[in-house]
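This report refers to the structure that appears directly beneath it.
The values are calculated or read from the model by the stated rules, or taken from the named source; none is laboratory data. Worth saying up front: this structure is predicted, and the values here are computed from it rather than measured. Cβ sites come from the backbone with ideal geometry, for glycine too, and all protein chains shown count toward neighbours.
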Amino acid sequence: MSDVKTESKDAVLEIRFDRPKKKNALTIAMYAAMVEALEGAAKDPGIRAVAFTAEGETFTAGNDVLDFMNGLGGEGEPPVLRFIRLLATYEKPLVAAVNGAAVGLGTTMLLHCDLVYASDAARLITPFVSLGLVPEAASSLLLPQRVGAAVAAEMLLLGAPLSAARAKELGLINEIVPAAELRATALARAAALAKQPPQALKLARALLRGDVSATLARLDDEAKLFAECLVGSEAREAFTAFFEKRAPDFSKLA
């Protein structure tokens, strides 16, 4: 059974994380499924918007640690990078409904969404450095642009969590809605976008995003460093400590 569910209604493709027992931790297979869904929607004139939702009380715990300890998966461009690159260049509106924690890519993917809705329990967390890694999804470029250098440093260097209220104040989310209404709200907003004149909407989104060449260049820079860090001693210590349920010790690492 797939851990990613898709459903089409009102010209909206819903992509739903469906691995609640694992807090919707993202696997390489899940990224591949999302890439396939996004690529299919891009070619389908009947789909005019995409909404990301999640089952359970966690939007996503980020990348599945066991899965990523085995590397970024196979030859060629890994599915996670294909997914991120699609988000950065997607020509149809992207909407997200964030319930509970959004860890790692769960937060950075929101930087590429047009509209983001969250429950009051939402928490945006980017613990890359704490895991011996570097930021991804061009967050090292886009996050300072959105929230300023000081807040971005707290989030990316310390992994400091951001509450839903603070995220709204900083403009990272559009609206806080009751958890019971979150999915319906996001899907309704996506359906409203789907009803807009498609060409005008496409052009307006392109103007809002501006030149994405810098974003794509930063994606590549981050991906290279991320891959190097993933097999490094710091990430190994962080992941080992995670499985041993202890605090990592980086004091003896150069």
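From Glu244, Glu228, Glu175, which residue is within 28 Å of Tyr90 (Cα to Cα) and at pLDDT below 95? Outline the logic, then answer.
Working: Glu244 fails: within 28 Å of Tyr90 (Cα to Cα); Glu175 fails: at pLDDT below 95.
Going through Glu244, Glu228, Glu175 in turn, just one is within 28 Å of Tyr90 (Cα to Cα) and at pLDDT below 95: Glu228.
Residues in the range 178-196 that are more than 16 Å from Arg123 (Cβ to Cβ) and either among the small types (Gly, Ala, Ser) or at pLDDT below 95 (or both): how many? Show your work before the answer.
So the first thing to find is which residues in the range 178-196 are more than 16 Å from Arg123 (Cβ to Cβ), and the list is 178, 180-181, 183-196.
Of the ones still in play, those that are also either among the small types (Gly, Ala, Ser) or at pLDDT below 95 (or both) are 180, 184, 186, 188, 190-192, 194.
Summing the residues that are more than 16 Å from Arg123 (Cβ to Cβ) and either among the small types (Gly, Ala, Ser) or at pLDDT below 95 (or both) in the range 178-196 gives 8.
Within the set Glu36, Glu57, Glu14, the sole residue that is acidic (Asp, Glu) and in a helix (DSSP H, G or I) turns out to be Glu36. The residue list Phe68, Phe59 contains one member that is surrounded by 19 or more Cβ atoms within 10 Å (Cβ to Cβ) and at pLDDT 95 or above, which is Phe59.
Of the residues in the range 239-253, how many are part of a helix (DSSP H, G or I) and either more than 14 Å from Gly132 (Cα to Cα) or touching a strand residue (DSSP E or B) at 6+ places or on another chain (Cβ under 7 Å) (or both)?
Let us first name the residues in the range 239-253 that are part of a helix (DSSP H, G or I), namely 239-244.
Now restrict to residues that are either more than 14 Å from Gly132 (Cα to Cα) or touching a strand residue (DSSP E or B) at 6+ places or on another chain (Cβ under 7 Å) (or both): 243-244.
So the answer is 2.
Among the strands (runs of 3 or more DSSP E) contained in the range 95-136, which hold 2 or more residues that are in contact with a Pro (Cβ under 9 Å, 6 or more places away or on another chain)? Full working, then the answer.
Numbers: elements: 101-103, 115-118, 123-125.
In the range 95-136, the matching strands (runs of 3 or more DSSP E) lie at 101-103, 123-125.
Do the conditions hold for Arg82, that is, is it over 17 Å from Ala137 (Cα atoms), modelled with pLDDT of 95 or more and not hydrophobic (A, V, I, L, M, F, W, C)?
Working: over 17 Å from Ala137 (Cα atoms): no; modelled with pLDDT of 95 or more: yes; not hydrophobic (A, V, I, L, M, F, W, C): yes.
In short, no.
Just to be sure, is Glu77 charged (D, E, K, R), assigned to a helix (DSSP H, G or I) and more than 23 Å from Tyr117 (Cβ to Cβ)? For Glu77, the condition - charged (D, E, K, R), assigned to a helix (DSSP H, G or I) and more than 23 Å from Tyr117 (Cβ to Cβ) - is not met.
Of the candidates Arg189, Arg183, Arg205, the single residue that is charged (D, E, K, R) and more than 26 Å from Val80 (Cβ to Cβ) is Arg189.
Look at the range 1-13: where a residue is in contact (Cβ under 8 Å) with a residue 24 or more places away in the chain and of a type in the set (A, V, I, L, M) and a partner is assigned to a loop (DSSP other than H, G, I, E, B) and surrounded by 14 or more Cβ atoms within 10 Å (Cβ to Cβ), sitting 6+ places away or on another chain with Cβ atoms under 6 Å, you get Ala11/Arg48; Leu13/Ile47.
Taking the criterion of being surrounded by fewer than 24 Cβ atoms within 10 Å (Cβ to Cβ), more than 30 Å from Pro198 (Cα to Cα) and not small (Gly, Ala, Ser), the residues of the range 20-54 that qualify are Pro20, Lys21, Lys22, Lys23, Thr27, Ile28.
Evaluation of Leu94 against the conditions (1) in contact with an Asp or Glu (Cβ under 6 Å, 6 or more places away or on another chain); (2) surrounded by fewer than 20 Cβ atoms within 10 Å (Cβ to Cβ); (3) closer than 22 Å to Arg218 by Cβ shows that the sole unmet condition is (2). Please verify whether the range 218-238 includes one or more residues that are over 22 Å from Val80 (Cα atoms), without any contact (Cβ under 8 Å) to a residue 12 or more places away in the chain and part of a helix (DSSP H, G or I). Within the range 218-238, none of the residues are over 22 Å from Val80 (Cα atoms), without any contact (Cβ under 8 Å) to a residue 12 or more places away in the chain and part of a helix (DSSP H, G or I). If you take the residues in the range 121-173 that are surrounded by 17 or more Cβ atoms within 10 Å (Cβ to Cβ) and on the phi > 0 side of the Ramachandran plot, which one is farthest from the chain's Cα centre (by Cα)? If we take residues in the range 121-173 being surrounded by 17 or more Cβ atoms within 10 Å (Cβ to Cβ) and on the phi > 0 side of the Ramachandran plot, then Gly132 is farthest from the chain's Cα centre (by Cα).
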